[in-house]
Amino acid sequence: MERLQKVIAQAGITSRRKAEQLIVDGKVKVNGKVVRKLGVKVTPNKDAIEVEGVPIDKEEPVYFLLYKPSGVISSVKDEKGRKVVTDFLEIQQRVFPVGRLDYDTSGLLLLTNDGEFANTLMHPKFKIEKVYVAKVKGIPSREKLKELQNGVKLEDGKTAPAKVKMMSMDKKKQTSIIRLTIHEGRNRQVRRMFDAIDHPVMKLKREEYSFLTLHGMNPGEVRPLKPIEVKHLRELAVTKPS
Ligand code: URA
């Protein structure tokens, strides 16, 4: 429990002294009721506090890395009752995914309740690299891989240059495993890129997001990001504009 004026001041709205004035003036509500007394104590993440009709931001920012299994929606709820990415977290905060992975795609997905952080990372100008490993139909020729590398024409424009590496091929089954590094984040981009060279994706996994990897994790596992990782991600987004 903390003093109401302190909680208001800590939310960055105003100074503690001005918060006291707002309370005395009847401009602060706790759980829907006006509070004019100064000694009132509240529980920051539980009590609903409004200052001049505006709820104060109550939640601590939280950051998680999820190894999304395939067969899960990159959303916080699904009308059809399918599994969603937030089902893997048992926390009170309302987090949402930073970007999305397709229902059938597995791999690294960040979750946070920090909207500004998420929007910054998703902004194309910061060119955050994402590494995908795709199992595709057939065995693409060198020329086709070069096309992927240089950029292929999609409905929404040519893709930016990418890094492409053939990891392995199965001549009998006529499949290949290819590692593709891109920094754009268009809808179903990797699948559309492989469609464009006539080697459709059979299986897709995002293995890396900038310096973050899935090492040591299994599908469905989640871990909080370390403060140093959050800091590093913020720095990437500040220092790498094009
Ligand atoms: N590209 C895709 O095609 N699908 C994903 O889930 C992510 C990138």
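Considering only DSSP beta bridges whose two residues both sit in the chain, what percent are antiparallel, to the nearest 5?
95 percent
Rounded to two decimals, what is the ratio between the C-alpha radius of gyration of region 147-242 and 2.2 N^0.38 Å?
Numbers: Rg = 16.0 Å, N = 96, 2.2 N^0.38 = 12.5 Å.
It is 1.28.
Run down the lysines and flag those whose C-alpha is under 19 Å from the C-alpha of residue 127, throwing out any fewer than 8 positions away in its chain.
Candidates past the 8-residue exclusion: 158, 163, 231, 240.
Once you have the Kirkwood Rh of the chain from its Cα pairs, apply Stokes-Einstein at 37 °C and 0.692 mPa s and quote D in µm²/s.
On the way: Rh = 20.7 Å.
My calculation gives 158 µm²/s for D.
For residue 165, give me every one of the lysines with a C-alpha distance below 18 angstrom, ignoring sequence neighbours fewer than eight places off in its own chain.
130, 135, 137, 144, 146, 203, 205
Would you list, by chain and number, the aspartates and glutamates whose Cα falls below 13 Å from the Cα of residue 37, excluding same-chain residues fewer than 8 positions away?
Straight-line reach from residue 37, under 13 Å: 20, 25.
Over the Cα atoms of region 129-168, what is the Rg over Rh ratio if Rh follows Kirkwood? Could the numbers behind the result be given before it?
On the way: Rg = 10.7 Å, Rh = 11.2 Å.
Result for region 129-168 is an Rg/Rh of 0.96.
Compute for region 1-104: radius of gyration divided by Kirkwood radius, i.e. Rg/Rh, restricted to C-alpha atoms, rounded to two decimals.
On the way: Rg = 18.7 Å, Rh = 16.0 Å.
When Rh is taken as the Kirkwood radius, the ratio is 1.17.
Carbon and sulfur together cover what percent of the accessible area of the chain at a 1.4 Å probe radius? Intermediate results must be reported in sequence, preceding the final value.
Working: 6960 of 14310 Å².
Using a 1.4 Å probe with all protein chains present, the chain comes out at 49 percent carbon and sulfur.
The values are calculated or read from the model by the stated rules, or taken from the named source; none is laboratory data. The shown structure was predicted, so the numbers you read here are calculated from the model rather than taken from an experiment. These accessible areas exclude ligands, DNA and RNA; they are computed on the full protein's heavy atoms, side chains included. Shrake-Rupley method; radii C 1.70, N 1.55, O 1.52, S 1.80 Å.
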